[in-house]
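See below for the structure under consideration.
The values are calculated or read from the model by the stated rules, or taken from the named source; none is laboratory data. This one's a predicted model, so the numbers in the text were calculated from it and none came from an experiment. Methodologically, a virtual Cβ is constructed for each residue, glycine included, from the backbone with ideal geometry; neighbour enumeration extends over all protein chains shown.
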Amino acid sequence: MKKFSSDYKYGFHDQVTPGFKVKKGLSEAVVRQISKQKQEQGWMLDYRLRALEIFWAKPLPNWGADLSGIKFDNLIYYSRPQGQQEKKWSQVPAKIKKTFDRLGLPQAERKWLAGVKGQYDSEVVYGSLKKELKQKGVIFLSMDEAVKEMPELVKQYWGTVIPAGDNKFSALNSAVWSGGSFVYIPKGVKVTEPLQAYFRINAASFGQFERTLIIADEGSEGHYSEGCTAPAFSESSLHAAVVEIIVKKDARMQYTTVQNWYKNIYNLVTKRAWVGEKGTMIWTDANLGSQVTMKYPGFILAGRGARGEMLSIALANKGQHLDVGSKAIHLAPDTKSVIISKSISLNGGRNSYRGLVQINRGARGAKSKVICDALILDKYSRSDTYPTNRINDNSATLEHEATVSKVGEEQMFYLMSRGLKEEAARSMIVNGFVEPVVKKLPLEYAVEMNRLIELSMEGSVG
Amino acid sequence: MLTVSNLQAEAEGKQILKGVDLQVKAGEIVAVMGPNGSGKSTLAYVLAGHPQYQVKKGKIKLDGKEMGGLSADKRARVGLFLALQYPVAVAGVGLNNFLRLAYQDIKREKMMPFEFREKLMAAAKLLKLPKSFLDRAVNEGFSGGEKKKTEILQMMILKPKIAILDEIDSGLDIDALKIVAQAINQARKENPKLGIILITHYQRILNYVEPDRVVVMKQGKVVKTGGRQLVKELERFGYEKI
């Protein structure tokens, strides 16, 4: 079997000297140092310190993936590259520019994105937004800029969807967060092209803790997407992001993730959206990389007729455990949620679907539909489902379909018996399997997704 | 010519084929009959190279080339085709696309999509499969009869040297059976060298597709070989007496 690293296109590493970095390990001093570096106001430092207390107090989750390999004392919690966030591409430091070049940022920005952020380790190093969107009042800043420049707007929403104490890793993020995006789309404004963030970890034994807050005001529309890559190091790194989204009345937000971390990353992310009356939140979430992922993007359907959709793809290859799913909380009448989870396990990879559907009393006529499909391509691989349903309103409808099957092996034989080579048959089956999710993506992402899936499986043939 | 000699094979440690001898010459139709559990389907899978079965002993030769140890795709390229008893659905994989790639792999020649489509449409027409089937995912939501027709459609396109048809007649109504039989005969007309192993439980299909020989399997072995009159005997007396 070929080594995975040889197929991972983004495993390169830059020799750069950070502008500043904290000593390894986590402590109150480290948190204070980060806050001081950012010249924050007191409220944010207080928030960080309270969150740190919560982090210390909470045990590691005793469910889900094995997290015992995270060496909290060995990680570097903040590493700032040299320079500032640049608005001109030409001013980004040469080596960093080259990295983002290889990730395709400038090409994508030219061709089809409404705005871009590039985060390198702890800080956003490049950002842009189309002029006409700026003129319409759209705000797309790094989270650090937003906290500095519009603290009142930030404070109003910060931590309202995901409090620091939501879980151990949201607490950690709240304590040491750095970077991430702040997006505000004003009433009635429709941003048709995606706003995209590129997250890059370059340092070894590092923790990236970006924080993203998106507000889609009444009747607005937007699509935010993120891609993540890291060098091929043998030491583990940690990525623990928090993403909070507020979708107001009649607004529509889509959030697309293409997670392609190298297989040394613990990816423990908390993502949740609050959705108001007749608002729509769509998560399209693809997990191809990382050693361990635990992530359950969810929605709180708070206004009448609010809708939430979660479409996810997880591909677990050798040595990977992806524990992903969704949480749908129905608080209001006529709310609707759809969760479609597709997982592919091969070469001993392991997938778990873990989901919660909660329909509160009074959410009359709420509907939820959960579909979990697992494709297991060989006998060494594994897939499990852990659904939880709490239905407290008797007028609610819940549909749940779970197909976990080894049909993959029979399909492989079928296509191969027609003359297709093993790799061609496998990629055909996998692409067909994920098609319902991929077709929900803009064309550029769909193409990229199919390409990444092919890459992730290349060399996986025993 | 396909020559199977002393073929022994097992699945999950259990021996199923206990020394099968069988010959199918170019252009010949051999009907394989036998009670449930006699190893007919296993024989089909083993010949096609299903990874779940392990060959313990014996030889499988197609035109002198040893097939044992080759993966299923390589056997297909040498000229074997298996129509499955229960064809599997493959979500999101369109029949037209998949079959064109398979065709190119087997024939080692490129074919323009429109040119291939015309070929496919002609075969579909013969089988009375609506055009819409060509763009649907393979076998997904197909009825039993439609699946069987699609298997024959694939055989007609891929033009193998030897086709193994595993209970191609099961689950077909009389009209569908006639259509499938006609298509098989048409395929033979187009390719007189096509050899067929026709695995079946019933005489019915043999009225339309006439076998040159009839072979009876029992407990993992060929126990009797004869002409067409053997079918009548079996219908009357069953397998017990053999």
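A few remarks follow.
- When each of B:Val231, B:Val216, B:Val180 is tested for being in contact (Cβ under 8 Å) with a residue 24 or more places away in the chain, in contact with a helix residue (DSSP H, G or I) (Cβ under 9 Å, 6 or more places away or on another chain) and outside any helix (DSSP H, G or I), the lone residue that passes is B:Val216.
- Within the range A:40-60, tally of residues that are closer than 15 Å to A:Ala175 by Cα and either among the small types (Gly, Ala, Ser) or surrounded by fewer than 17 Cβ atoms within 10 Å (Cβ to Cβ) (or both): 12
- Verdict on B:Lys40 being among the basic types (Lys, Arg), in contact (Cβ under 8 Å) with a residue 12 or more places away in the chain and in contact with a helix residue (DSSP H, G or I) (Cβ under 9 Å, 6 or more places away or on another chain): no
- Among the residues of the range B:13-22, those that are out of contact with any Lys or Arg (no Cβ under 9 Å at 6 or more places or on another chain) and either within 14 Å of another protein chain (Cβ to nearest Cβ) or crowded, with 16+ Cβ neighbours inside 10 Å (or both) comprise B:Ile16, B:Leu22.
- Enumeration of residues in the range A:413-424 that are in a helix (DSSP H, G or I) and surrounded by fewer than 24 Cβ atoms within 10 Å (Cβ to Cβ): A:Phe413, A:Glu422, A:Glu423, A:Ala424
- For the residues A:Ile215, A:Ile201, A:Ile245, the requirement of being hydrophobic (A, V, I, L, M, F, W, C) and closer than 24 Å to A:Gly104 by Cα singles out A:Ile201.
Here's the yes/no breakdown for (1) touching a Phe, Trp or Tyr at 6+ places or on another chain (Cβ under 8 Å); (2) part of a loop (DSSP other than H, G, I, E, B); (3) touching a residue at least 12 places away in the same chain (Cβ under 8 Å):
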residue: A:Tyr10; (1), (2), (3): yes, yes, yes
residue: A:Ala29; (1), (2), (3): no, no, no
residue: A:Asp73; (1), (2), (3): no, no, yes
residue: A:Phe100; (1), (2), (3): yes, no, yes
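- Which numbered condition A:Val407 misses (of (1) closer than 30 Å to B:Ser71 by Cβ; (2) more than 11 Å from chain B (Cβ to nearest Cβ); (3) out of contact with any Ser or Thr (no Cβ under 8 Å at 6 or more places or on another chain); (4) at pLDDT below 85): (2)
- Among the residues making up the range A:428-445, those that are in a helix (DSSP H, G or I), under 28 Å from A:Pro194 (Cα atoms) and over 17 Å from the mean Cα position of the chain (by Cα) are A:Val430, A:Asn431, A:Gly432, A:Phe433, A:Val434, A:Glu435, A:Pro436, A:Leu443, A:Glu444.
- Hits in the range A:429-446 (condition: without any contact (Cβ under 8 Å) to a residue 12 or more places away in the chain and either more than 7 Å from chain B (Cβ to nearest Cβ) or basic (Lys, Arg) (or both)): A:Lys439, A:Leu443, A:Ala446
- Residue in the range A:267-277 that is surrounded by 23 or more Cβ atoms within 10 Å (Cβ to Cβ), of a type in the set (A, V, I, L, M) and over 16 Å from the mean Cα position of the chain (by Cα) present: yes
- For the range A:380-395, the criterion of a residue being in contact with a strand residue (DSSP E or B) (Cβ under 7 Å, 6 or more places away or on another chain), at pLDDT 95 or above, in a loop (DSSP other than H, G, I, E, B) and surrounded by 16 or more Cβ atoms within 10 Å (Cβ to Cβ) is satisfied by no position.
- Going through (1) over 10 Å from the mean Cα position of the chain (by Cα); (2) over 20 Å from A:Tyr198 (Cα atoms) one by one, A:Ile214 falls short only on (2).
- Hits in the range A:178-216 (condition: among the basic types (Lys, Arg) and either under 25 Å from A:Asp121 (Cα atoms) or buried (at least 24 other Cβ atoms within 10 Å of the Cβ) (or both)): A:Arg200, A:Arg211
- Strands (runs of 3 or more DSSP E) within the range B:25-141 that include 3 or more residues within 14 Å of chain A (Cβ to nearest Cβ): B:80-83
- Unique match (being within 14 Å of another protein chain (Cβ to nearest Cβ), touching a residue at least 40 places away in the same chain (Cβ under 8 Å) and of a type in the set (Lys, Arg)) among A:Arg426, A:Arg418: A:Arg426
- Selection within the range A:318-331 - surrounded by 24 or more Cβ atoms within 10 Å (Cβ to Cβ) and closer than 17 Å to A:Tyr380 by Cα: A:Gln320, A:Leu322
- Reported count of residues in the range A:196-216, each being modelled with pLDDT of 95 or more and among the hydrophobic types (A, V, I, L, M, F, W, C), is 5.
- Some residue of the range A:113-129 being aromatic (Phe, Trp, Tyr) and either touching a Ser or Thr at 6+ places or on another chain (Cβ under 9 Å) or in a strand (DSSP E or B) (or both): yes
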